[in-house]
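The structure appears right after this line, and notes come after that.
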Amino acid sequence: MSERASATRPDADADAEDGASTSGDDRGEQHPTDSEETARTASGRPVTTGAQAVVAALEAAGARHVFGVQGGAIMPVYDALYDADLTHVTMAHEQGASHAADAYGQVTGEPGVCMATSGPGATNLVTGIADANMDSDPLIALTGQVPTDFVGNDAFQETDTIGVTRPITKANYFASESTTVGDTVGEAFALAGAGRPGPTLVDLPKDVTNAETDRGPEEGALPEYYEVPEGANESAVEAAATALARAEKPLILSGGGVTKGDASEQLRAFAIDHGIPVVTTMPGIGTFPEDHDLSLSWAGMHGTGYANMAISHTDCLLAVGTRFDDRLTGGIETFAPDAAVIHVDIDAAEISKNVHADYPLIGDAGTILDQLAETMPAAFEAVGTGSDSYEEWREQCASWKEEYPMDYATPDDQPVKPQFVVEALDELTPDDTIVTSGVGQHQMWASQYWTFRHPRTWISSHGLGTMGYGLPAAIGAKMAAPDRDVVCFDGDGSFLMTLQELSVAVREDLDVTVVVLNNEAIGMVRQWQDAFFDERRMASMYGWMPDFAQLAEAFGARGFTLREYDDVADTLQAAIDYDGPSVVDAHIDPDENVYPMVPSGGDNSQFALSEDQL
Amino acid sequence: MSSDSEGDGERSTDPDSVPRKGLQGPRPGERTRPHGRRSGQGIRIDPQAEATHQPRRTAISALVKNEPGVLAEVSGLVSRRQFNIESLTVGPTTNPETSRITLVIEEPDPGVRQVERQLEKLLPVISVRELGTDAVRRELVVLKVHGDRPDEVNAITQMYDGRTLDAGPRTITVEITGDEQKIDDAIDAFRQFGIRELARTGQTALARGDEWTTHAEEERYEQLRSETDPTPTTADD
């Protein structure tokens, strides 16, 4: 780091520039004549700097872990962490810090915290912040910034972090005063988890964090005018319930919002009590047990055939906590075209954004599902029906399950199929195992062939599709749930992007199992090139790959290699049994593709079961 | 996991039970298809009255906190979401802590609702409303023409209720205020003199009559009035 960035010189300047009232008052408050009690951190030390106010705010908000990388402009905050009641996890790269914090937030339901210095530190966080934004994950990012009077002057390691992150954060803040920086961090923390969750960022100029203050943070409060809707109004609920009671082919679409709103219990109860089949979105995986008769697994581009048949033919879609991403809907013109849409969402801006909502219900998913459940008996009575009238539809959905079973061919003369590896690991691990993944073919196989039963067990990059997400996410997930099994499915390409985080897993002695489904290609791109670009495999084939097992050993982890069906179970078991990070380099059939598939913008009911159906 | 829960008993990972067959089922053309369809805006199409949503021009008023970065947030939102924006004006209100932004957009109905809802999500935005067609709307143009026919320039300025701001030997600068149509007409009329430069503001607007442009201001107004009026007519104290 440069002398300039790490210098403490700007303190004096900052106070001088703050000028009149505030800094003068601060000094006044430090005198014992002031009766106000000095603010203290959770560990009981008095707050003496802006940086300590930042850390005190994190402690007060209940943060347990911080994922980050040191650097010049963030040094005062790190110094304050030295004595704090927080565990800092030093990541190999800031992108790893943001993904780890994101996964941590998803597993715990509380905002994960990541931290980086100014300039390159902050920009390296950006991918993880954008990822959290797309998936509505609670995350708070703290970035160092050059001293206030250097801001805007292209100082060393300066980036306009506020400008860069504005479109990918729920809110971001430039901390301008040491006296209020603690409040700002408290607000950012509260905001990240409130309503529709999302990432928030506080940019911390070095002079602000270095400056003396004895003012600790107030209790983390939501900003003025920020309202979180609770339930929906009664008449809207009644109208929606009536539509559902009148339907012959109702379907529940359970999205990631059901997880975020901890509404999985209500959703299960509602579906089972009323006998309504359930499809999930990909982020909604785990909100409804995939081994239940009513489950049709997940719908969309690589969802099951039966989910896509059901979503195409339903006459009433109860969509909860989903933003109708194009990977789910395919072409809007053909998406659930006969369905009256009941859309439950806490974010009013999601209503009719992509798919018109005939019955918008704005509010907390669990509260609204309770409201709907209360209203259903009266609605059935008024319409003169009951859940029995869905019987024929349930049978239809069950017959689609038989017609389009999820299966894969396993000829003896071909290398191991990736789906087989996924199923084998599922069998060897407990039901509540947390599965993380990178992005690509392996992600689809993992989500298709693993049977998910619980919310917060499938941690992946959905909206942004960030390759390299899996390993740092596994680190964050293991930190959040040290007593649970954590496995990561990664692709060879995806793993290469962030595998330096293995050093962190080893250093922190995290018992995570990484299974690299290795086909020596950017497989999903290769699949699309074969289907849509005349098999012109431009830049999708690696041709050479490092030996991931040896690489794991070099990092201090355990490495395994897998090539034969007969070795799958034993090798996976050995990797699970190893008490520390392990990497299984699973050499899979390089020609295997992901099906079913709805071509981009296509009709969900016209999913292809093989390449010749595209 | 356990095969009995899968419904199709075949999903064993025991290698001896292979070979498995791969994905089965009717081909795409052989499947039942739903009847309906949706418009590009995601609205179910009613065959009896096929709804087409034509873009319309409308003004949205947003009361925002008067703090740095608000305009960047609003304009960033508008450009990122590709809303078709005609003009955007901003200025402080009677409350030094707030500013009013007036956006004129041309969008179909779902787009207009999206602009409102997306604006509402921004933290510094206090209140958003679409203004009715009867709203009071004004725009200002300052334009500079060649000064060789001052009498005629003056005549046109008067015809449009304008004012001359500066008149020199070579240029005359005038201002015209009015609705958008009037401004367009005035600019057309001044063309004959050769317009050297012009600057126009875009629309700014308030709801007409007794109606409040945004609720937040109504509340503040009532609060201030009850604080300054010693004999409140209402029962609150």
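The values are calculated or read from the model by the stated rules, or taken from the named source; none is laboratory data. Since we're looking at a predicted model, the values are computed, not measured. When we count neighbours, we look across all protein chains shown, and the Cβ atoms used for this are built from the backbone with ideal geometry, even at glycine. Surface accessibility is based on the protein's heavy atoms, side chains included, excluding ligands, DNA and RNA. Shrake-Rupley method; radii C 1.70, N 1.55, O 1.52, S 1.80 Å.
Report the relative contact order of segment A:312-398, percent, no decimals, based on alpha-carbon pairs under 8 angstrom and at least 6 residues apart.
It comes to 24 percent, rounded to a whole number.
Provide Rg and Dmax in Å for segment A:325-424, with only Cα atoms included in the calculation.
Gyration radius and largest Cα-Cα distance of segment A:325-424: 19.9, 61 Å.
When ligands, DNA and RNA are left out and all protein chains stay put, how many square angstrom of accessible area per residue does segment A:145-189 have with a 1.4 Å probe?
37
In whole Å, what is the distance between the alpha-carbon centres of segment B:56-129 and segment A:323-400?
Each part reduced to its Cα centre gives a spacing of 31 Å.
Over chain B, calculate the relative contact order: mean separation of alpha carbon pairs under 8 Å at least 6 apart, over the residue count, as a percent.
Here the relative contact order equals 18 percent.
Excluding ligands, DNA and RNA, what is the solvent-accessible area per residue of segment B:102-217 at a probe of 1.4 Å, expressed in Å²?
51
For chains B and A, what's the summed buried accessible area, probe 1.4 Å, to the nearest 100 square angstrom?
4800
Any idea what log10 I(q)/I(0) is at q = 0.10, 0.11, 0.20, 0.21 Å⁻¹ for segment A:216-363, Debye with uniform C-alpha scatterers and no solvent?
So the normalised log intensities are -0.34, -0.40, -1.26, -1.40.
Give me the extension gain from A:ARG40 to A:ASP79: residue separation times 0.36 nm, minus the current Cα-Cα distance, reported in nm with one decimal.
12.4 nm
Label points 7 Å out from Cα along the Cβ direction at B:GLU152 and B:GLU211: separation in nm?
Each label point is offset 7 Å from its Cα along the Cβ direction, giving 4.3 nm.
DSSP beta bridges in chain A, what fraction antiparallel, as a percent rounded to 5?
5
Between Rg and the Kirkwood Rh of chain B, both from Cα atoms, what is the Rg to Rh ratio?
1.26
Per residue of A:349-356, count partner chain C-beta atoms within 10 Å of its C-beta, then hand back the mean as an integer.
The mean count of partner-chain Cβ atoms within 10 Å per residue comes to 6.
Would you list the P(r) distribution for chain A, with all Cα-Cα distances sorted into 10 Å bins from 0 and each bin expressed as a whole %?
With a bin width of 10 Å, the distribution comes to 3, 17, 24, 23, 18, 10, 4, 1, 0.
Could you tell me how far the Cα centroid of segment A:436-509 sits from the Cα centroid of segment A:80-112, in Å?
Taking the Cα centre of segment A:436-509 as reference, the centre of segment A:80-112 is 16 Å away.
What does the charge count around A:ALA446 come to, taking other residues whose C-beta lies under 12 Å from its C-beta (Lys +1, Arg +1, Asp -1, Glu -1)?
Result for the local shell: -3.
Counting Lys +1, Arg +1, Asp -1, Glu -1, what net charge surrounds B:ASP134 among other residues with beta carbon under 11 Å of its beta carbon?
Charge balance near B:ASP134 sits at +1.
Around A:ALA101, with a cut-off of 12 angstrom between Cβ atoms, what is the net charge of the other residues, counting Lys and Arg +1 and Asp and Glu -1?
Residues near A:ALA101 contribute -4 overall.
Give me the dipole magnitude in Debye, nearest 20, for segment A:377-510 about the Cα centre, with unit charges on the beta carbon: positive for Lys and Arg, negative for Asp and Glu.
620
Which value in deg cm²/dmol, rounded to the nearest 500, describes the helix-derived mean residue ellipticity at 222 nm for the protein assembly as shown, given -39,500 (n - 2.57) per DSSP H run of n ≥ 4 and division by the residue count?
-10500 deg cm²/dmol
Determine the equivalent ellipsoid of segment B:111-237 by diagonalising the alpha-carbon gyration tensor, then write out the semi-axes as square roots of 5 times the eigenvalues, largest first, rounded to whole Å.
After diagonalising the Cα gyration tensor, the semi-axes are 42, 20, 12 Å.
Scan around A:ILE346 for amide H atoms under 5 Å from its own, H built in the peptide plane at 1.01 Å from N, and keep only partners 5 or more places away or cross-chain.
A:GLY363
Ignoring ligands, DNA and RNA, what percent of the 1.4 Å accessible area of segment A:295-357 is carbon and sulfur?
Whole-percent figure for carbon plus sulfur exposure: 48.
Near B:LYS65, which lysines are there with a Cα under 21 Å away, not counting those fewer than 8 places off in the same chain?
Leaving aside lysines fewer than 8 places away in the same chain, those within reach of B:LYS65 are A:LYS170, B:LYS121.
Can you work out the FRET efficiency for the pair B:ASP109 and A:TYR225, with r the C-beta to C-beta distance and R0 = 22 Å, to the nearest 0.05?
0.25
Just the C-alpha atoms of segment A:372-478: what Rg/Rh do they give, with Rh taken as the Kirkwood radius?
Rounded to two decimals, Rg/Rh equals 1.13.
If the cut-off is 20 Å between C-alpha atoms, which lysines fall inside it for B:LYS182, apart from same-chain ones fewer than 8 positions away?
Once the sequence-local lysines are set aside, what remains near B:LYS182 is B:LYS144.
Just checking the output field for A:398-411: average partner chain Cβ neighbours within 10 Å of each residue's Cβ?
5
Calculate the mean, over all residues of peptide A:591-598, of how many other protein chain Cβ atoms lie within 10 angstrom of the residue's Cβ.
If you average over the peptide's residues, the count of other-chain Cβ atoms is 1.
Check which residues have an amide H placed less than 5 Å from A:TYR173's amide H, if you skip close sequence neighbours.
Those lying under 5 Å, H to H, from A:TYR173 are A:LEU201, A:VAL202, A:ASP203.
Modelling each spin label as a point 7 Å along the Cα-to-Cβ direction, I'd like the B:VAL136/B:GLU219 distance in nm, to one decimal.
Spacing of the two 7 Å Cα→Cβ label points: 2.5 nm.
Pairing the Cα long axis of helix A:365-383 with the longest principal axis of chain A, what angle in degrees results, from 0 to 90 and rounded to the nearest 10?
30
What lysines does A:LYS401 reach when the alpha-carbon gap must be under 30 Å and sequence neighbours fewer than 8 apart in one chain are set aside?
A:LYS249, A:LYS260, A:LYS417, B:LYS21
Per residue, how much accessible area does segment A:434-524 have with a 1.4 Å probe, in Å²?
Computed with neighbouring chains in place, this is 21 Å² per residue.
At 1.4 Å probe size, with no ligands or nucleic acids counted, give the accessible surface of A:TYR565 in Å², nearest ten.
Counting only protein heavy atoms, A:TYR565 exposes about 40 Å² to solvent.
Suppose we keep just the alpha-carbon trace of segment A:504-587; what are its Rg and Dmax in angstrom?
Cα only, segment A:504-587: 15.4, 46 Å (Rg, Dmax).
Roughly how many percent of the accessible protein surface of segment A:557-614 is carbon and sulfur, given a 1.4 Å probe and a whole-percent answer?
The computed percentage sits at 40.
Could you order the peptides A:73-86, B:190-203 from most to least packed, using the average number of other C-beta atoms within 10 Å per residue?
Going from most to least packed, we get A:73-86, B:190-203.
Work out from phi, with θ = phi - 60° and the Karplus expression 6.51 cos²θ - 1.76 cosθ + 1.60, the ³J(HN,Hα) of each residue of segment A:265-270, listed in order in whole Hz, and give x for Gly and Pro.
4, 5, 5, 4, 4, 5
Return a whole-number percent for the relative contact order of chain A, with Cα pairs under 8 Å and 6 or more residues apart as the contact set.
After rounding, I find 13 percent.
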